[in-house]
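Report on the following structure.
The values are calculated or read from the model by the stated rules, or taken from the named source; none is laboratory data. Everything quoted here is computed from the prediction, not taken from an experiment. Neighbour counts run over all protein chains shown; Cβ positions are idealised from the backbone, glycine included.
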Amino acid sequence: MMGGARHQSTFDRLGNDPEAWLDLAKKGVQRQLGVDGESAQVAKVLVSEQAIPQYQVGHNDRKIQIQDSLDEAWDARLTVVGSALHGVSVNDCVNNAREAAAAHARFLSDWSLCPSDSTPREREMLREIKRLRKKATGAPGDSV
């Protein structure tokens with residue numbers, strides 16, 4: 001995998017030409033690993049300019065602002081997960097979705113204690129849900 005937001009000039013230079021990208025990859029393998037890139041038996045090149053999100057400076061502040069706005073509008077009943085917010089890999093997305101679902105399920109069942117096997121993200125979500133629940137209803141919040 002090559003490229004990224006910090007290498008736009010390379011994409012501008014090579015464009016969608018798979019042969020040009022393959023040549024660059026072979027040179028990179030030679031330079032970085034000392035392996036003759038020309039001896040590669042199989043190579044497949046797929047060119048995608050906007051393939052993987054890359055967070056820019058200020059991403060975390062924007063992410064918090066988005067979640068705070070949703071929490072206020074939805075009384076903490078909506079959690080948004082996905083590569084745009086909490087990690088770019090499929091594994092990140094799946095894990096964050098599971099944690100969000102578990103946190104909401106526990107909240108809906110009036111779960112009040114964090115088990116020792118809960119994840120830091122789950123505990124963070126639960127604390128925030130309980131804080132907002134307390135703010136919205138005036139009810140005492142459970143400690144997490």
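Determine, yes or no, whether Val94 is part of a loop (DSSP other than H, G, I, E, B) and assigned by TED's automatic domain parsing to the domain that holds Glu124.
no
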*Selection status of Gln30, surrounded by 10 or more Cβ atoms within 10 Å (Cβ to Cβ), modelled with pLDDT under 90 and farther than 25 Å from Tyr55 by Cα*: yes
_Quick check on the stretch 21-39. Is at least one of its residues of a type in the set (Lys, Arg) and within 28 Å of the chain's Cα centre (by Cα)?_
no
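Quick check: is even one residue across the stretch 27-48 part of a helix (DSSP H, G or I), assigned by TED's automatic domain parsing to the domain that holds Gly15 and in contact (Cβ under 8 Å) with a residue 24 or more places away in the chain?
Yes; the residues of the stretch 27-48 include at least one that is part of a helix (DSSP H, G or I), assigned by TED's automatic domain parsing to the domain that holds Gly15 and in contact (Cβ under 8 Å) with a residue 24 or more places away in the chain.
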*Total residues in the stretch 72-110, condition crowded, with 17+ Cβ neighbours inside 10 Å and within 21 Å of the chain's Cα centre (by Cα)*: 13
*In the stretch 62-85, which residues are part of a helix (DSSP H, G or I) and within 19 Å of Arg131 (Cβ to Cβ)?*
Lys63, Ile64, Gln65, Ile66, Gln67, Asp68, Ser69, Leu70, Asp71, Glu72, Ala73, Trp74
